2 protein chains.
Amino acid sequence: MRISELAEKLGISTDTIRYYEKRGLLNHHHMEREDNGYRRYNEKAIERIRLIFRAKTLGVTLAEMSQFIDEWESEAISVEDKRIFFNNKIALVDKRIDALNQMREYLCQKVIDLEKNE
Amino acid sequence: MRISELAEKLGISTDTIRYYEKRGLLNHHHMEREDNGYRRYNEKAIERIRLIFRAKTLGVTLAEMSQFIDEWESEAISVEDKRIFFNNKIALVDKRIDALNQMREYLCQKVIDLEKNE
DNA sequence: GTAAACTATGGAGTATAGTCCAGAGTCAAG
DNA sequence: CTTGACTCTGGACTATACTCCATAGTTTAC
């Protein structure tokens, strides 16, 4: 698929896609060039961009992602390190879930306070 | 307390506190001026800044916060609207929690995949 | 075969949320 | 009464992640 089709599928702009490429988050694994120079994306591109979104919600910056992808793809990271990485991320997600549950409590209390003042 | 004490208590810089004031998120309710012009903060300032942090984790921008605070404090918002507001935020928090749980699943699957490849 | 729509590139511009700085006044300790 | 720490203001600067633009080549539909 060409860039605008990919953009539409993901609900982002073509500029954003080219920007991710410039930042090293998309490469030849995710697309090839047509004879005219147009980018032709494959399904991996969709997965990669969804992964970027997921990482962003975890607070990972694009710079961190591209550095990390480089290391990951160059196999400079051992399986054990990868395990540690994922487990750290899981712990981080758990912390966020806790924080959100606290936030939920806080908001529910606000609703209760409103009722009291009526 | 003066600005550096407040900053230290909250783990932020004095610049950030003055910046929040410039953005309308802190006002006379949270501090007064000493004769020399120095800001003297009260306990409400701590609560307000903690509230700002909470709102930020919900993705609320400072601009939205200050607009909202204006409306809220001018009592332009009815109790019913406030209830609706909080319930919307609760729904948003629930969505985030769902997203994080999905993320958790995804990460756990990655760990399982690592084990398979060993 | 031409107009509309799409794509490419490089570079400039934007929004958000700070962060830093210069120049100047204030305060507390010795 | 001076030195060092703190505070003030206004404004310039920064990082991140886009977003827009000019210019130019390509494709598609009629």
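The values are calculated or read from the model by the stated rules, or taken from the named source; none is laboratory data. What you are looking at is a predicted structure, and each value in this text was computed from that prediction instead of being measured. Don't worry about glycine lacking a Cβ; one is built from the backbone with ideal geometry, like all the others, and counts go over all protein chains shown.
If we scan the stretch B:26-48, do we find a residue that is more than 8 Å from DNA strand C (Cβ to nearest atom), farther than 18 Å from A:Tyr106 by Cβ and of a type in the set (Phe, Trp, Tyr)?
yes
Quick test of your reading of the structure: A:Arg18 fulfils all but one of (1) more than 11 Å from chain B (Cβ to nearest Cβ); (2) more than 16 Å from DNA strand C (Cβ to nearest atom); (3) surrounded by fewer than 16 Cβ atoms within 10 Å (Cβ to Cβ). Name the failing condition by number.
Answer for A:Arg18: the failing condition is (2).
How many residues are of a type in the set (A, V, I, L, M, F, W, C) and out of contact with any Leu (no Cβ under 7 Å at 6 or more places or on another chain) when one looks only at the stretch B:50-68?
Quick first cut of the stretch B:50-68, residues of a type in the set (A, V, I, L, M, F, W, C) only: B:51-53, B:55, B:58, B:60, B:62-63, B:65, B:68.
The next check asks that each one be out of contact with any Leu (no Cβ under 7 Å at 6 or more places or on another chain); those that pass are B:51, B:53, B:55, B:60, B:63, B:68.
Result for the stretch B:50-68: 6.
Quick check on my filter: what residues within the stretch B:88-106 are under 30 Å from B:Glu21 (Cα atoms) and more than 7 Å from every other protein chain (Cβ to nearest Cβ)?
Just the residues of the stretch B:88-106 that are under 30 Å from B:Glu21 (Cα atoms), to begin with: B:88-93, B:96.
Scanning the stretch B:88-106 gives B:Asn88, B:Ala91, B:Leu92.
Do the conditions hold for B:Glu75, that is, is it within 14 Å of chain A (Cβ to nearest Cβ) and either of a type outside the set (D, E, K, R) or out of contact with any Lys or Arg (no Cβ under 7 Å at 6 or more places or on another chain) (or both)? Steps first, please.
Working: within 14 Å of chain A (Cβ to nearest Cβ): yes; either of a type outside the set (D, E, K, R) or out of contact with any Lys or Arg (no Cβ under 7 Å at 6 or more places or on another chain) (or both): yes.
Considered against the rule, which asks whether it is within 14 Å of chain A (Cβ to nearest Cβ) and either of a type outside the set (D, E, K, R) or out of contact with any Lys or Arg (no Cβ under 7 Å at 6 or more places or on another chain) (or both), B:Glu75 comes out as yes.
Given the conditions (1) more than 14 Å from A:Arg23 (Cα to Cα); (2) touching a Lys or Arg at 6+ places or on another chain (Cβ under 9 Å); (3) of a type outside the set (A, V, I, L, M), and given that A:Ser66 satisfies all but one, which numbered condition is not satisfied?
Unmet condition: (1).
Can you confirm whether the stretch A:57-65 contains a residue that is away from DNA strand C (no atom under 16 Å from the Cβ), crowded, with 16+ Cβ neighbours inside 10 Å and modelled with pLDDT of 90 or more?
For the stretch A:57-65, residues away from DNA strand C (no atom under 16 Å from the Cβ), crowded, with 16+ Cβ neighbours inside 10 Å and modelled with pLDDT of 90 or more: present.
Taking B:Gln109, is it modelled with pLDDT of 90 or more and either more than 14 Å from every other protein chain (Cβ to nearest Cβ) or more than 16 Å from the chain's Cα centre (by Cα) (or both)? Steps first, please.
On the way: modelled with pLDDT of 90 or more: yes; either more than 14 Å from every other protein chain (Cβ to nearest Cβ) or more than 16 Å from the chain's Cα centre (by Cα) (or both): yes.
Taking the combined requirement at face value, the residue satisfies it.
Condition test on A:Ala63, is it on the phi < 0 side of the Ramachandran plot and free of Cβ contacts under 8 Å to residues at least 12 places away in the same chain? Before the answer, list the steps.
On the way: on the phi < 0 side of the Ramachandran plot: yes; free of Cβ contacts under 8 Å to residues at least 12 places away in the same chain: no.
Criteria not met by A:Ala63.
Kindly check whether there is at least one residue in the stretch A:82-103 that is over 28 Å from B:Gly59 (Cβ atoms) and within 16 Å of DNA strand C (Cβ to nearest atom). Before the answer, list the steps.
Step one: list which residues in the stretch A:82-103 are over 28 Å from B:Gly59 (Cβ atoms), which gives A:82-84.
With the extra rule that they be within 16 Å of DNA strand C (Cβ to nearest atom), the set shrinks to none.
No, the stretch A:82-103 contains no residue that is over 28 Å from B:Gly59 (Cβ atoms) and within 16 Å of DNA strand C (Cβ to nearest atom).
Do we find a residue being modelled with pLDDT under 95, within 15 Å of the chain's Cα centre (by Cα) and not basic (Lys, Arg) anywhere in the stretch A:74-82?
Looking through the stretch A:74-82, none of the residues is modelled with pLDDT under 95, within 15 Å of the chain's Cα centre (by Cα) and not basic (Lys, Arg).
Would you check if B:Ile49 is within 15 Å of the chain's Cα centre (by Cα), within 16 Å of DNA strand D (Cβ to nearest atom), within 27 Å of B:Ser4 (Cα to Cα) and surrounded by 17 or more Cβ atoms within 10 Å (Cβ to Cβ)? Spell out how you get there, then give the answer.
On the way: within 15 Å of the chain's Cα centre (by Cα): yes; within 16 Å of DNA strand D (Cβ to nearest atom): yes; within 27 Å of B:Ser4 (Cα to Cα): yes; surrounded by 17 or more Cβ atoms within 10 Å (Cβ to Cβ): yes.
Considered against the rule, which asks whether it is within 15 Å of the chain's Cα centre (by Cα), within 16 Å of DNA strand D (Cβ to nearest atom), within 27 Å of B:Ser4 (Cα to Cα) and surrounded by 17 or more Cβ atoms within 10 Å (Cβ to Cβ), B:Ile49 comes out as yes.
Of (1) over 30 Å from B:Asn87 (Cβ atoms); (2) within 14 Å of chain B (Cβ to nearest Cβ), A:Tyr41 satisfies all except one. Which?
If we test A:Tyr41 against (1) over 30 Å from B:Asn87 (Cβ atoms); (2) within 14 Å of chain B (Cβ to nearest Cβ), just (2) comes out false.
Restricting attention to the stretch A:30-49, does a residue exist that is within 28 Å of A:Lys95 (Cβ to Cβ) and touching a Phe, Trp or Tyr at 6+ places or on another chain (Cβ under 9 Å)? Full working, then the answer.
Residues of the stretch A:30-49 within 28 Å of A:Lys95 (Cβ to Cβ): A:47-49.
Filter once more, so that each one left must be touching a Phe, Trp or Tyr at 6+ places or on another chain (Cβ under 9 Å): A:48-49.
For the stretch A:30-49, residues within 28 Å of A:Lys95 (Cβ to Cβ) and touching a Phe, Trp or Tyr at 6+ places or on another chain (Cβ under 9 Å): present.
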